[in-house]
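Please treat every number below as a calculation from the coordinates, not as lab data. Everything quoted here is computed from the prediction, not taken from an experiment. Reconstructed Cβ throughout: ideal geometry from the backbone, glycine too, with neighbour counts over all protein chains shown.
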Amino acid sequence: MELFEIFYNYLLLIMSVLAIGIFAVLQFVTPAYGMTFNNRWGMSIRNKKGWMIMEIPVFTILLILYGISLKFTDKPFNWVTFCIFILFELHYLQRAFIFPLLIRGESKMPLSVISIGIFFNILNASMQGGWLFYFCPDNYYKISWLWSPQFIIGTVLFFAGMIINMHADRLIRKLRKDKNDNNYYLPVGWPFKISNSANYFGELLEWTGFAVLSWSVSGMVFLLWSMANMIPRAKQVYEKYTQFFGEEFTSLKRKKIFPFIY
């Protein structure tokens, strides 16, 4: 187990460094999906299938890692790690199995983007599952953790972010008239008044909450990756809205992702 823990710690370090590199790369490279889709990224499939294929692995692998830990390790059942596990899986239950079925339009997603997403999700499941089920000290998550300030504050942030994310996605989705409408429209109202990419802001708030409630390096590394991906993405979306809607959009003076800041 000590050897596995060494590998795990190196994984966290490498993923932290890679997140910084990805953030830098995404200042110049625009992934081709959603409103930035193009054919230069290779073969594509419908984004409904793409989202499911990309997100199911993280949900499934974390579930498997949890099952293996219960059966093959001597770690006792822990209510705190179980609750943290459920919160993480709740997000990906919605993201992998519900969100794709609600998508309107027939946009496409390149297999190259899907492959990158799958690779990250496998590593992320390994990071979160490794900490929660294998490497965190037995006395780290005592039952009193459930009423500790970090768990309460983190859980509030997590659900607040989830509500904002899902509500923003719903508003964007409703702008399209039917399942065959592939046009893009300018979302209005709350929470878009405070953030042009309110869906991304909500998800970042979720993972900030997760990092706080788990109080773990793995949670922080995931938040770092989320920021490295979503902050440049919000900038790219902002530029697309400027291109599509011109002064109608720029006159709104919206922040790209963080309310009142950026």
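Going by C-beta contacts inside 10 Å, put Ser148, Ser126 in order with the fewest on the left. Can you show the working numbers first?
Numbers: Ser148 15, Ser126 19.
In order of increasing Cβ crowding within 10 Å: Ser148, Ser126.
What Rg and what Dmax come out for the chain when only alpha-carbon atoms are used, in angstroms?
Just the Cα atoms of the chain yield Rg and Dmax of 19.1, 62 Å.
Note down the relative contact order for the range 2-250 as a percent, whole number, built from C-alpha pairs under 8 angstrom at least six residues apart. Working shown, then result.
Numbers: 304 pairs, mean separation 66.3, N = 249.
Reported relative contact order: 27 percent.
Provide Asp181, Asp138, Asp74 in ascending order of the number of other Cβ atoms located within 10 Å of each residue's Cβ, fewest first.
In order of increasing Cβ crowding within 10 Å: Asp74, Asp138, Asp181.
What base-10 log of the normalised intensity I(q)/I(0) is obtained for the range 159-226 from the Debye formula, alpha carbons as equal point scatterers, at q = 0.13, 0.20 Å⁻¹?
-0.44, -0.78
Given the -39500 (n - 2.57) contribution per DSSP H run of 4+ residues, what per-residue ellipticity at 222 nm results for the chain, rounded to the nearest 500 deg cm²/dmol?
Working: 9 runs with 165 residues, N = 262.
Result for the chain: -21500 deg cm²/dmol, rounded to the nearest 500.
Starting with the fewest neighbours, write out Thr155, Thr250 ranked by other beta-carbon atoms found within 10 Å of each beta-carbon. Don't skip to the end; give the middle numbers.
Working: Thr155 18, Thr250 12.
Taking fewest neighbouring Cβ atoms as first place, the list is Thr250, Thr155.
Treat every Asp and Glu Cβ in the range 2-250 as -1 and every Lys and Arg Cβ as +1, leave all other atoms uncharged, and give the resulting dipole magnitude about the Cα centre to the nearest 20 debye.
800 debye
Return the subset of Lys49/Lys177; Lys108/Lys179; Lys108/Lys235; Lys48/Lys235; Lys48/Lys179; Lys193/Lys255 for which the Cα-Cα distance in this structure is over 18 Å, preserving the input order.
Lys49/Lys177; Lys108/Lys235; Lys48/Lys235
In nm, what is the difference between 0.36 nm times the number of residues separating Phe72 and Tyr10 and their Cα-Cα distance?
Result for the pair: 19.9 nm of gain on full extension.
Whole-Hz ³J(HN,Hα) for each residue in the range 136-146, computed from phi via Karplus 6.51 cos²θ - 1.76 cosθ + 1.60 with θ = phi - 60°, x for glycine and proline: what do you get?
My calculation for the range 136-146 gives 6, x, 4, 9, 6, 9, 6, 4, 5, 4, 5 Hz in order.
On the first, second and third principal axes, largest extent first, how far apart are the outermost C-alpha atoms of the range 69-167 in Å?
Principal extents (largest minus smallest coordinate, Cα): 49, 31, 18 Å.
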